[in-house]
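Reviewing the structure listed below.
The values are calculated or read from the model by the stated rules, or taken from the named source; none is laboratory data. Every value quoted in this text rests on a predicted model; they were computed, and no experiment measured them. In this analysis, Cβ positions are derived from the backbone assuming ideal geometry, glycine residues included, and neighbour counts consider all displayed protein chains.
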Amino acid sequence: MSSSPRLIGWSLLLGLGLTACQMSPAPLQGDGVFTVPSADPERHHLRFVDGQVSRNDTCMVRLENGLNPRVPPLYVNGEPVGFC
Amino acid sequence: MPCPDVFVQDVPAVLNRKGLAFACYMDPSRPALCDSEHAVRVNYETYLFADGAARDRFSDDVVTYCGLLTDPVTKQRFRPAADSPYHEDEATGVLYYFESVSSFTMFLRMPEDYRLPGYTMDPPALSAPTDESVPAGA
């Protein structure tokens, strides 16, 4: 009988943990680069390791492509622009 | 050719095609003119200005105004100082500052290897070995 409350407690903790895992933003490959929402729901900006957000949400050169977090940004007027 | 390499070779043209506008680097209350006359490249960074006077003020004292630059050899971001080694590339007219004498020397030895970022999905300079990857006692 005494094991039931413990079992319920562990189950709750496990459930909370799984929920937290599902809700956490998944970091992309790129050493701390992650996506942030864009006005276009199909696209995203990138926040780079220096804390700045890309001005663009699609590649500067191949306009139809999204941004690749593994390609470092270049800077225009100190603001990062990303590439595919 | 990687997209960043295409970009740095004609930044105003790419920005115009993309439709991305910037404020003047020296006076953010004014829009920058996005053409080659009002753009200055230093290392892989580009600066856009509202007029020739703003551009000239920047160009007369680049180290004071440029902020962080990317060393073309190590690909690390750094802030140049008045005594940082630099080189005006005759082939492109681009001014390059270096974070160290060794970078400066390497660039002069093989400028064609460093004029363009050459960024791909796994840039070698950014995946250098870390302390963890060095065997203990090595």
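Values computed for the structure shown
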quantity	calculated
In segment B:53-79, the residues that are part of a helix (DSSP H, G or I) and surrounded by 14 or more Cβ atoms within 10 Å (Cβ to Cβ)	B:Ala54, B:Arg55, B:Arg57, B:Phe58, B:Ser59, B:Val62, B:Val63, B:Tyr65
Scan of segment A:47-78 for residues that are outside any loop (DSSP other than H, G, I, E, B), more than 15 Å from the chain's Cα centre (by Cα) and either of a type in the set (Ser, Thr, Tyr) or more than 7 Å from every other protein chain (Cβ to nearest Cβ) (or both), ordered by number	A:Tyr75
Counted residues, segment B:1-52 - those being more than 10 Å from chain A (Cβ to nearest Cβ) and in contact (Cβ under 8 Å) with a residue 60 or more places away in the chain	1
Hits in segment A:46-76 - residues which are in contact with a strand residue (DSSP E or B) (Cβ under 6 Å, 6 or more places away or on another chain) and surrounded by fewer than 19 Cβ atoms within 10 Å (Cβ to Cβ)	A:Arg47, A:Gln52, A:Val53
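Rundown of residues vs (1) within 14 Å of chain A (Cβ to nearest Cβ); (2) within 23 Å of A:Phe48 (Cα to Cα); (3) modelled with pLDDT of 95 or more; (4) not in a helix (DSSP H, G or I), yes/no style:
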{"site": "B:Ala81", "(1), (2), (3), (4)": "no, no, yes, yes"}
{"site": "B:Thr92", "(1), (2), (3), (4)": "no, no, no, yes"}
{"site": "B:Tyr96", "(1), (2), (3), (4)": "no, no, yes, yes"}
{"site": "B:Ser102", "(1), (2), (3), (4)": "no, no, yes, no"}
{"site": "B:Thr105", "(1), (2), (3), (4)": "no, no, yes, no"}
{"site": "B:Thr120", "(1), (2), (3), (4)": "yes, yes, no, yes"}
{"site": "B:Leu126", "(1), (2), (3), (4)": "yes, yes, no, no"}
